[in-house]
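Heads up: the structure comes next, in structure tokens.
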Amino acid sequence: MSEEEFLTSVKIGVVVRPPDGDALDCLEGFARIIQGQGYLVRGLVQRNAPSTPACACAMTLVDLSSNRQFQISQDLGAGSTCCRVDTSAVAEASSVLRQALACESDLIVVNKFGKLEAQGLG
């Protein structure tokens, strides 16, 4: 399939949530409901563990097909002001998305590219 054919065949959707809703839970919930209805859902969703005094929450990407988890945050300590995203772990997790694009799927979920990332701040 050529790039042009691929781009014209892709349909993009959005999950809209209330401003005070948890986007991560909403997106994974939606994906799991669709899976439960028999659709082939591939991709990644993010889960965050609660914050601790020593570190902000731990971020994990979860493969919707296998439930494999990728720890994408680094514990840099309570005083750190650096970005704590582990870029090598995100790169490793991206293999799930490449595989999803290469396989038959009804829905592919891409969940780690938010507003801050788009602005170069994440």
*How much length is gained if the chain between residue 26 and residue 104 is pulled fully straight, taking 0.36 nm per residue apart and subtracting their Cα-Cα distance, in nm to one decimal?*
25.7 nm
*Could you pull out every residue, at least 5 positions away or on a different chain, whose amide H is within less than 5 Å of the one on residue 43? Hs are placed 1.01 Å off N in the peptide plane, and Pro or chain starts have none.*
64, 65, 109
*asked:* Per-residue counts of other Cβ atoms within 10 Å, averaged by peptide: what ranking do you get for 91-99, 58-66, 33-41, highest first?
replied: 58-66, 91-99, 33-41
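Every read-out reported here was derived from the displayed coordinates using simple, explicitly stated rules and does not represent laboratory data. What you see is a predicted model; the values in this text were computed from it and never measured. Note: ideal-geometry Cβ built from the backbone for every residue, glycine included; neighbour counts use all protein chains shown.
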